[in-house]
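Notes to accompany the following structure.
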Amino acid sequence: MKEREKIVATSLLVLLLVTWVGFLVHRAPRFAGSAWGGAFAVTGAVLMLVPLFYSAIKRIPWLKRVCTRRVRMRTWLAIHVYAGLLGPLFVLIHTGHKFNSPLGVMLTALTLIVVVSGFVGRYLMGKVGSELREKRQQLATAQASFDAMASQLATEPELQERLTRWGVLKRTAATFLLQDDSVSQMPPQLRALQLAETVSDLEHAIQSHEFFKAAFGAWLRLHIVLSVGLYVLLALHVWAAIHFGLRWFA
């Protein structure tokens, strides 16, 4: 997610949460059935259907080819994010902070859960993925330097003997006192110690990032399941509004 997109999406999420908390100080029982309330409801419901289109583009090859000829997937993802935030915001305004119906309460609660889970998953998953790629590149560079040092040590038994005499205290001192930009000027034994420390730290960091990436994969599947439940409740809510709200047309 680009920085500007992240700022806008975060602002919309905060606005959504603030609007939801407004039920503590505000009630408008008649607003949901008014003309403006209906306009907010229809607009919000339409916007909440837009993320379904992005999911279809992402998973149907021929549709993806057609839709990405002029519009990149990154743009479709941004539309997915913005519609997924604006839709619930309009729907929440439509309620007028009147949560008397069990269906309305469940729909509102699930809407907030889906929005927050989608936002957290999208932002953190992207951040973890970016950091994981960066760590792997750093590990490849450090591993190459370490392998070169290991080859040098293999041809210099005297250097190996000196290296084995370096204890824990000297290793710790080398870690804290020596900077990365002075690696090329270090004595070989110090350089070998720091390279080993760097490779070890990077491998541990990559393992941690891979664990979180797998966890976010499960988080994404949960988000999809919750979204399906949300659309089921939304369909029931629309049916109830038409059946009980417009029955006088008959």
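The values are calculated or read from the model by the stated rules, or taken from the named source; none is laboratory data. Because the structure is predicted, anything quoted here is derived from the model rather than measured. Glycine also receives a Cβ, built like all others from the backbone with ideal geometry; neighbour counts cover every protein chain displayed.
Of all residues in segment 100-123, which are surrounded by 15 or more Cβ atoms within 10 Å (Cβ to Cβ) and modelled with pLDDT under 85?
Gly104, Ser117, Gly118, Phe119, Gly121, Arg122, Tyr123
Being among the aliphatic types (A, V, I, L, M), without any contact (Cβ under 8 Å) to a residue 60 or more places away in the chain and under 24 Å from Glu3 (Cα atoms) is the filter here, so list the residues in segment 62-78 that pass it.
Result: Val71, Met73, Leu77.
If we keep just the residues of segment 12-41 that are free of Cβ contacts under 8 Å to residues at least 12 places away in the same chain and touching a helix residue (DSSP H, G or I) at 6+ places or on another chain (Cβ under 9 Å), which is farthest from Thr111 (Cα to Cα)?
Trp36
Is there a residue in segment 76-86 that is surrounded by 12 or more Cβ atoms within 10 Å (Cβ to Cβ), within 21 Å of Ala235 (Cα to Cα) and more than 19 Å from the chain's Cα centre (by Cα)?
Checking segment 76-86: not a single residue is surrounded by 12 or more Cβ atoms within 10 Å (Cβ to Cβ), within 21 Å of Ala235 (Cα to Cα) and more than 19 Å from the chain's Cα centre (by Cα).
Is it true that Leu139 is assigned to a helix (DSSP H, G or I), at pLDDT 75 or above, under 24 Å from the mean Cα position of the chain (by Cα) and surrounded by 15 or more Cβ atoms within 10 Å (Cβ to Cβ)?
No; evaluated as a whole, the condition is false for this residue.
I need the full set of residues from segment 23-38 which are surrounded by fewer than 13 Cβ atoms within 10 Å (Cβ to Cβ) and either part of a helix (DSSP H, G or I) or outside the structural domain of Leu86 (by TED's automatic domain parsing) (or both), in order please.
Selection gives Leu24, Ala35, Trp36.
When both residues are 6+ apart or on different chains and their Cβ atoms are under 8 Å apart, which pairs have a first residue that lies in segment 100-111 and is within 17 Å of Gly33 (Cβ to Cβ), and a second that is small (Gly, Ala, Ser) and part of a helix (DSSP H, G or I)?
Leu103/Ala240
Answer yes if at least one residue in segment 52-61 is free of Cβ contacts under 8 Å to residues at least 24 places away in the same chain, under 24 Å from the mean Cα position of the chain (by Cα) and part of a loop (DSSP other than H, G, I, E, B), and no otherwise.
yes
Residues checked against (1) modelled with pLDDT under 90; (2) among the acidic types (Asp, Glu):
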{"position": "Glu3", "(1), (2)": "yes, yes"}
{"position": "Val14", "(1), (2)": "yes, no"}
{"position": "Gly33", "(1), (2)": "yes, no"}
{"position": "Trp36", "(1), (2)": "yes, no"}
{"position": "Trp62", "(1), (2)": "no, no"}
{"position": "Leu77", "(1), (2)": "yes, no"}
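Quick one: what pairs do we get from segment 207-221, first residue basic (Lys, Arg) and part of a helix (DSSP H, G or I), second modelled with pLDDT of 75 or more and surrounded by 15 or more Cβ atoms within 10 Å (Cβ to Cβ), C-beta under 6 Å, 6+ apart or different chains?
Lys213/Val128
Among the numbered conditions (1) of a type in the set (A, V, I, L, M, F, W, C); (2) modelled with pLDDT of 90 or more; (3) out of contact with any Gly (no Cβ under 9 Å at 6 or more places or on another chain), tell me where Val21 comes up short.
With (1) of a type in the set (A, V, I, L, M, F, W, C); (2) modelled with pLDDT of 90 or more; (3) out of contact with any Gly (no Cβ under 9 Å at 6 or more places or on another chain) applied to Val21, the lone miss is (2).
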